[in-house]
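The values are calculated or read from the model by the stated rules, or taken from the named source; none is laboratory data. Being a predicted model, the structure only gives us computed values, none of them experimental. Counting neighbours? That spans all protein chains shown, and the Cβs are built from the backbone with ideal geometry, glycine included. Keep in mind that these areas ignore ligands, DNA and RNA; they rest on the heavy atoms of the full protein, side chains included. Shrake-Rupley method; radii C 1.70, N 1.55, O 1.52, S 1.80 Å.
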Amino acid sequence: QVQLVESGGGLVQAGGSLRLSCAASGRTFSGYTMGWFRQAPGKEREFVAASWTDGRTYYGDSVKGRFTISRDHAKNTVYLQMNSLKPEDTADYYCAASLLSYAISAAGYNYWGQGTQVTVSS
């Protein structure tokens, strides 16, 4: 079992930045692919970014070049640095952990946090 707790959401103006954190507890953090997803009202859950166990990262097209995923193994925490935020980035953001090596689909993730809300004003 892995427990995930997100933090860092809030209200920011367009062009601004936020850093989301996801603290993991339970089983070994380093053995999981860690991902970030988001869901806007009335829309499906969307893949944002993933940090794979081999050290590589992968991003959704809509956030490439603006968002950066990273993890601190000592703190069992994964981060999502979000820069150049746009109103269309407004959503609930979820951290997730997967036992699959290269998961980018929500269906491939086994554990989920409760979400943190990000609102970008124009």
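Scanning the stretch 1-38 for residues that are open to solvent by less than 50 Å² (accessible area, probe 1.4 Å), closer than 23 Å to K64 by Cα and touching a Gly at 6+ places or on another chain (Cβ under 7 Å) gives E6, L18, L20, S21, C22. Which is surrounded by 17 or more Cβ atoms within 10 Å (Cβ to Cβ), not in a helix (DSSP H, G or I) and not basic (K, R), of D61, D54, D92? One residue alone meets the criteria, D92. Looking at this structure, is A97 in contact (Cβ under 8 Å) with a residue 40 or more places away in the chain and either surrounded by 19 or more Cβ atoms within 10 Å (Cβ to Cβ) or outside any helix (DSSP H, G or I) (or both)? In short, yes.
I'd like to know if the stretch 39-46 contains one or more residues that are in a loop (DSSP other than H, G, I, E, B), surrounded by 15 or more Cβ atoms within 10 Å (Cβ to Cβ), charged (D, E, K, R) and touching a residue at least 24 places away in the same chain (Cβ under 8 Å). The answer is yes; a qualifying residue exists. Residues in the stretch 100-122 that are of a type outside the set (S, T, Y) and open to solvent by less than 50 Å² (accessible area, probe 1.4 Å) were compared, and the one that is farthest from S25 (Cα to Cα) is V120. In the stretch 64-77, which residue that is in a loop (DSSP other than H, G, I, E, B) and at pLDDT below 95 is most open to solvent (accessible area, probe 1.4 Å)? The selected residue is K75. Pairs are defined by a Cβ separation below 7 Å, a sequence spacing of at least 6 or placement on different chains, a first member in the stretch 9-34 that is farther than 13 Å from K75 by Cβ and touching a residue at least 60 places away in the same chain (Cβ under 8 Å), and a second member that is among the charged types (D, E, K, R) and open to solvent by less than 30 Å² (accessible area, probe 1.4 Å); the pairs so defined are L20/E6.
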